[in-house]
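Below is one structure, written out as structure tokens; comments come after it.
The values are calculated or read from the model by the stated rules, or taken from the named source; none is laboratory data. Note that the structure is predicted; figures quoted are calculated from it, not measured. Positions of Cβ are backbone-derived with ideal geometry, glycine not excepted, and every protein chain shown enters the neighbour counts.
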Amino acid sequence: MNKILVTGASGQIGSELIPVLREKHGSDNVIASVHESHLLDEVDLTGPSVELDVTDKKQVEDIIESTQPDTIFHLASVLSALAEQDRQLAYKVNFEALYTILENSVKYGVDKVIIPSSIGAFGLDTPAVAPNDTLQRPNTIYGISKVLGELLGNYYYSMTGLDVRGVRLPGVLSWKVEPTAGTTDYAVAIFYGALISGKYVCYLRDDTKLPMMYMPDAVNSLILLSEADGSKLQHRADFNVAAISFTPAELATAITKRLPHFEMEYAIDPMRQAIADSWPDELIDDVAKTEWGWNHKYGLDEIVDDMIEKLSIKLQDKIG
Ligand code: AKB
């Protein structure tokens, strides 16, 4: 029976990954760890939960030693926009804590560590339509940390046998926990604006095309990769996964088709615009398809329909 530890369990991805893992492996076998106890509200409480500050080396060691997981989903990470505003925090969480997790995984015999990478691992030298293996050279602290995660993951696998795997996730749309520290967050916030006030002021230019994905596909990519036959993998911690790409203007048009009164305005945030401009427009995910059978399910129409349906229920008290 698998014993799984998830860090960053109350975040956008963790809060949706945990119920799926608990359904598959049994609630008691999936330990949710969150930074502060009040964030436990965001977590599926049907199984064990612990408070964990991943920057506290002793706490990380104690939890890995006491829970003896076979697999760790290391999701705790400072996202791109916050990382530029608080480099010190980004360094502690995305660089130092990553190392602590990997070293303790080796020390306590963890089999597998899953570390999401991101489109942020690419940079201005990457082709706009990014193949799996290409020039990366990101110019953000977040992107540098994601490349570090990929390279360290591949290094730990070859040097220690710790099986580190990871996908480069696009911007993820979801309705349960709203992301607030990233560059792609507009694609979620726009739905809150459209439903609550009929308006949204977008901080990216109307023609900023970025790779995006719906949460069920993102969760599925992490689980599928974690379960893939290791002997068939040529890559490890650095797989592109793709679904769709769109611009703010295209997303606004798709929303307006369903909510005709919706209006979008633009007030560009130079920092987030520069980050978005350094990322590719599209990812090519042929390597993930070949090596572990990845494919996405949700297209733009399905995403917009589902987001509006789910958020209309979640926000019913706020919708006039
Ligand atoms: C962010 O915008 O920082 C994240 C990401 C694409 O990694 N959503």
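With buried (at least 17 other Cβ atoms within 10 Å of the Cβ) and either free of Cβ contacts under 8 Å to residues at least 24 places away in the same chain or not assigned by TED's automatic domain parsing to the domain that holds Y91 (or both) as the only criterion, which of T134, T208, T180 stands out?
T208
What do you reckon, is V113 part of a strand (DSSP E or B), in contact (Cβ under 8 Å) with a residue 60 or more places away in the chain, aliphatic (A, V, I, L, M) and away from the ligand (no atom under 15 Å from the Cβ)? Lay out the reasoning, then the answer.
Details: part of a strand (DSSP E or B): yes; in contact (Cβ under 8 Å) with a residue 60 or more places away in the chain: no; aliphatic (A, V, I, L, M): yes; away from the ligand (no atom under 15 Å from the Cβ): yes.
Against the criterion (part of a strand (DSSP E or B), in contact (Cβ under 8 Å) with a residue 60 or more places away in the chain, aliphatic (A, V, I, L, M) and away from the ligand (no atom under 15 Å from the Cβ)), V113 does not qualify.
Taking region 245-264 as the range and being of a type in the set (D, E, K, R) and under 11 Å from G198 (Cα atoms) as the test, only E263 passes.
Is there a residue being farther than 18 Å from A81 by Cα, not hydrophobic (A, V, I, L, M, F, W, C) and not in a strand (DSSP E or B) anywhere in region 177-190? No, region 177-190 contains no residue that is farther than 18 Å from A81 by Cα, not hydrophobic (A, V, I, L, M, F, W, C) and not in a strand (DSSP E or B).
Of all residues in region 275-295, those satisfying the criterion of being without any contact (Cβ under 8 Å) to a residue 40 or more places away in the chain and either surrounded by fewer than 15 Cβ atoms within 10 Å (Cβ to Cβ) or assigned to a strand (DSSP E or B) (or both) are T290, N295.
Among the residues making up region 73-110, a single one is away from the ligand (no atom under 16 Å from the Cβ), among the polar types (S, T, N, Q) and buried (at least 22 other Cβ atoms within 10 Å of the Cβ): S105.
Of the strands (runs of 3 or more DSSP E) lying entirely inside region 120-176, those containing at least 2 residues that are more than 19 Å from R87 (Cβ to Cβ), within 16 Å of the ligand (Cβ to nearest atom) and touching a helix residue (DSSP H, G or I) at 6+ places or on another chain (Cβ under 8 Å) are 167-169, 171-173. Against the definition (charged (D, E, K, R) and more than 20 Å from L169 (Cβ to Cβ)), how does D305 come out, yes or no? Taking the combined requirement at face value, the residue satisfies it.
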